[in-house]
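Asker: The structure follows.
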Amino acid sequence: MRINPKYRQLTFVSVMSLIMTFIMSGIMTFVLEGGFIQHFVRAWMKDWGVAFVIAFGLNLFLPALVRKFANRFKKAQLIVYIRFGPLIMESSC
């Protein structure tokens, strides 16, 4: 089965959100409830529903902001290297 490149990012975000929230909400429900309680599955599914909606929305919009933020450091690192790189290389020899 091939995924149209147009929908590849949406498919990735959907599957990743689904799996991560399923696992994490199960673990957190177990920890916060103190183990397997009588209505564990019901509590887990309720928590999972909330977590999935939030995670899916964040995973759609946050990557662009994170990339922009990370690129600032990439550019700053290049500037520092260009200015101070020769000095660092001379002192290490």
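The values are calculated or read from the model by the stated rules, or taken from the named source; none is laboratory data. This one's a predicted model, so the numbers in the text were calculated from it and none came from an experiment. As a convention, Cβ positions derive from the backbone with ideal geometry for all residues, glycine included, and neighbour counts pool all protein chains shown.
Asker: What number goes with the only condition from (1) touching a helix residue (DSSP H, G or I) at 6+ places or on another chain (Cβ under 8 Å); (2) of a type in the set (A, V, I, L, M); (3) surrounded by fewer than 10 Cβ atoms within 10 Å (Cβ to Cβ) that Ala55 does not pass?
Answerer: Checking Ala55 against (1) touching a helix residue (DSSP H, G or I) at 6+ places or on another chain (Cβ under 8 Å); (2) of a type in the set (A, V, I, L, M); (3) surrounded by fewer than 10 Cβ atoms within 10 Å (Cβ to Cβ), the one that fails is (3).
Asker: If you go through the stretch 1-39, how many residues are polar (S, T, N, Q), surrounded by 11 or more Cβ atoms within 10 Å (Cβ to Cβ) and without any contact (Cβ under 8 Å) to a residue 12 or more places away in the chain?
Answerer: The qualifying residues number 2.
Asker: Would you check if there is a residue in the stretch 31-47 being within 19 Å of Ser14 (Cβ to Cβ) and at pLDDT 90 or above?
Answerer: Among the residues of the stretch 31-47, at least one is within 19 Å of Ser14 (Cβ to Cβ) and at pLDDT 90 or above, which makes the answer yes.
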